[in-house]
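Below is one structure; the comments refer to it alone.
Bear in mind these aren't lab numbers, they're just calculated from the coordinates by the rules spelled out. As the structure is a prediction and not an experimental result, all values here were calculated from the model. Neighbour counts are summed over all protein chains in view; Cβ atoms, including those assigned to glycine, are modelled from backbone coordinates with ideal geometry.
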C-alpha cells in the first residue's frame, strides 16, 4: 500500500514537470524586475531539497517559502537564526520568531538583512575612487499570519517591508505573499503560493540632484539645480505550486519527496525537486536540484543542492541545526547555516 502511494506521488510530480511548457516564463522580461533580494532563499532544510518546499515547509522557514506552513508546525513557538554565504562575499542573515495563539492562529516576525561590506566610492569624474568608503543597505522585515482552517487546509499571508538604500538614495515598499497548503486523505501534501505582490518601487534622494551650467548661457552665470528622476521598477512576483509526500519505511526511517514549479512574471520559470531521509526524526540527509525551464547552460546559475541536519530534544523543547550547500556557476557555492529552537 505504501508503495502504491509513493507511485501516485511520483506520477503527480511527473505530470507537474510535463506541463511546464504550457506555463513557460517570458524570456523578453528577464531582468525586468527589481528588488531581487526577495528571491534569495533562507533556511537550510528547504534549500537543501532544491527549494522544493512549497507543499512541505513548516515552521519559521515557511515565512519565506509558503506562509501557510507556519501554522503547520508542531511547535507552540520557534526562534530561528540563519546565515547565508552568498556570492561575491555577500552575506545574508535571517532572524525569525513565531508563536501559536490558540484559535486565533499563528503569528511570526522575520527579518532578512544583507551584509555587503564596504567598498570605495567611484564617480563619473573619479573612476579610480574618491577615497570615501560606502556600504549599501538592504533589509526586508516580514509580519506573517497563518491559520489551520480545517483538518486538511492551512492558510497564510505575509506582509513585508522592503527597503533599499545606498549613500543618499533609498526606496521602500510593501510586498505581500499568500499561501495555501492542503493535506489529502492519503497524506499527499500540496501547496500554492503567490509571492512578492505590491506597488512599483522608485529610488529617491539627494544623490539624484545636481548643479549644472546650462550651455550657451552668459559667462559667469550661476549653475541651476537639476533633479534626476530614477525609473520605477516592478517587484519580482511569482506563482508556485508544489507537491510532496512522506514515505514512512518503518518506525525509525522515513523518506520525503517533493517537487515545485515556479512561474515568474519577469523571466524564465523554474523547476525544483528534492528528497530527504530521516532517521528517528533526529538525523536528516537531504538533496535536490533546481533549474530554469528552457534555460541555457549560462542561464542556470545554480543547480544541485545537498545538506544535513540534526534535531536534539531538550526536555519539552527541541534544538535543530541544519546545513545546506548549493552549487553556483562562476562563484563559490552558497552555504546556509541554520539554528532553530522549538518550544
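Hey, any idea what the orientation-averaged projected area of the convex hull of segment 179-224's Cα atoms comes to, in nm²? So the Cα hull casts an average projection of 6.1 nm². Subtracting the Cα-Cα distance of residue 207 and residue 135 from their residue separation scaled by 0.36 nm leaves 24.5 nm.
Dividing the convex hull volume of the alpha carbon atoms of segment 85-182 by its residue count gives 130 Å³ per residue.
Pairwise Cα distances in segment 2-342 exceed 29 Å in 43 percent of cases. With a Förster radius of 35 Å applied to the beta-carbon distance between residue 168 and residue 327, the computed FRET efficiency rounds to 0.40.
Please compute the contact order of segment 2-342 in relative form: average sequence separation of alpha-carbon pairs under 8 Å and at least six residues apart, divided by the residue count, as a percent. Over segment 2-342, the number comes to 21 percent.
Taking 0.36 nm per residue of separation and subtracting the Cα-Cα distance, full extension of the segment from residue 248 to residue 178 would add 22.2 nm. Taking 35 Å as R0, compute the FRET efficiency from the Cβ-Cβ separation of residue 143 and residue 217 and round it to 0.05. Given R0 = 35 Å and the Cβ-Cβ separation, E is 0.10. Hey, quick one: spin label on residue 39, modelled 7 Å out along Cα-Cβ, who in segment 261-292 has an amide N within reach, i.e. under 16 Å? Taking a point 7 Å out along Cα→Cβ of residue 39, the residues of segment 261-292 whose backbone N falls under 16 Å are 261-272, 290-292. Taking the convex hull of the alpha carbon positions in segment 162-294 and averaging its projected area over all directions gives 13.7 nm². If the elastic network links every pair of Cα atoms under 10 Å, which of 135, 202, 181 fluctuates the most in the Gaussian network model of the chain? Highest fluctuation among the options: 135. GNM remark for the chain: springs join alpha carbons under 10 Å apart, and the peak mean-square fluctuation among 133, 190, 167 falls on 133. Treating each Cα of segment 222-299 as one equal point scatterer and applying the Debye formula with no solvent, the log10 of I(q)/I(0) at q = 0.12, 0.20 Å⁻¹ comes out as -0.56, -0.93.
Between the Cα long axis of helix 2-18 and the first principal axis of the chain there is an angle of about 30°, rounded to the nearest 10. Rounded to the nearest 5, the antiparallel percentage of DSSP beta bridges internal to segment 2-342 is 100%.
Residue 159 label point, 7 Å along Cα→Cβ, cut-off 13 Å on backbone N: hits in segment 73-114? Residues passing the 13 Å test: 108. Here the extension length gained between residue 230 and residue 339 equals 35.3 nm, from 0.36 nm per residue of separation less the Cα-Cα distance.
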